[in-house]
Amino acid sequence: MSAATREGVSARRERLLGGEPGAFAVARFVRVTPQKARRIGDLIRGLEVDEALALLKFAPQAVAQNFYKLVESAVANAETTEGLSRESLVISRVQIDEGPTMKRWRPRAKGAANRILKRSSHLTVVVTPADTFPTSTSTSSKKGGNR
């Protein structure tokens with residue numbers, strides 16, 4: 001089913017994609033800090049799907065496995081609901097939001113207690129066809145930029 005024939009568009013889809021073709025996947029309450037998740041999210045943003053999956057498969061960070069499953073899910077959504085081909089998809093948007101924080105206490109010396117914050121994240125990956133995704137040539141200038 002294409003985006004033009006879609007009758008009931010969810011508010012989340014409208015916010016993430018608008019009327020553009022593409023799909024998304026969301027993983028909520030992932031037990032990883034948003035700071036650690038953003039490191040991996042920045043790596044895969046703008047990459048082709050197969051290239052991103054290869055990168056995630058061999059990344060040593062634990063959250064890379066969550067992103068791998070999330071990209072696979074977004075691709076499956078694009079193939080089934082939008083009829084898009086896997087080869088034409090690009091990761092156009094990666095969004096990492098802070099989830100709820102669990103507060104725990106650790107006993108310390110002299111009867112004191114330290115607070116332990118166990119953070120969580122909400123991960124969102126949006127894939128769109130490569131022809132609708134604007135490719136920027138400014139990334140090559142960042143690598144050897146002025147310091």
Hits in segment 91-147 (condition: modelled with pLDDT of 95 or more and of a type in the set (Asp, Glu)):
97, 98
If we ask which residues in segment 33-58 are outside any helix (DSSP H, G or I) and either more than 26 Å from residue 101 (Cα to Cα) or within 11 Å of the chain's Cα centre (by Cα) (or both), their number turns out to be 5
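Scan segment 120-132 for residues that are in contact with a strand residue (DSSP E or B) (Cβ under 7 Å, 6 or more places away or on another chain) and outside any strand (DSSP E or B) and report the count.
Total satisfying the criteria: 2.
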Give segment 59-82 a look and list any residue that's under 14 Å from the mean Cα position of the chain (by Cα) and more than 23 Å from residue 34 (Cβ to Cβ), or say none.
75
All but one of (1) surrounded by fewer than 10 Cβ atoms within 10 Å (Cβ to Cβ); (2) at pLDDT below 95 hold for residue 80, so report the exception by its number.
(1)
Return the residues of segment 59-106 that are among the basic types (Lys, Arg) and outside any helix (DSSP H, G or I); say none if nothing qualifies.
93, 103, 104, 106
Residue 13 - would you say it is on the phi < 0 side of the Ramachandran plot, charged (D, E, K, R), surrounded by 16 or more Cβ atoms within 10 Å (Cβ to Cβ) and assigned to a helix (DSSP H, G or I)?
yes
Given the condition of a type in the set (Ser, Thr, Tyr) and in contact with a helix residue (DSSP H, G or I) (Cβ under 8 Å, 6 or more places away or on another chain), answer yes or no: does some residue in segment 67-82 qualify?
yes
Just to be sure I understand the filter: pairs with C-beta atoms under 6 Å, separated by 6 or more residues or on different chains, first member in segment 19-46 and in contact (Cβ under 8 Å) with a residue 24 or more places away in the chain, second member surrounded by fewer than 18 Cβ atoms within 10 Å (Cβ to Cβ) and among the aliphatic types (A, V, I, L, M). Which pairs pass?
21/3
Scan segment 18-32 for residues that are surrounded by fewer than 16 Cβ atoms within 10 Å (Cβ to Cβ) and either β-branched (Val, Ile, Thr) or not in a strand (DSSP E or B) (or both) and report the count.
4
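The values are calculated or read from the model by the stated rules, or taken from the named source; none is laboratory data. Bear in mind that the values here come from a model prediction, so they are computed numbers and not experimental data. Virtual Cβ from ideal backbone geometry, glycine too; neighbours counted across all protein chains shown.
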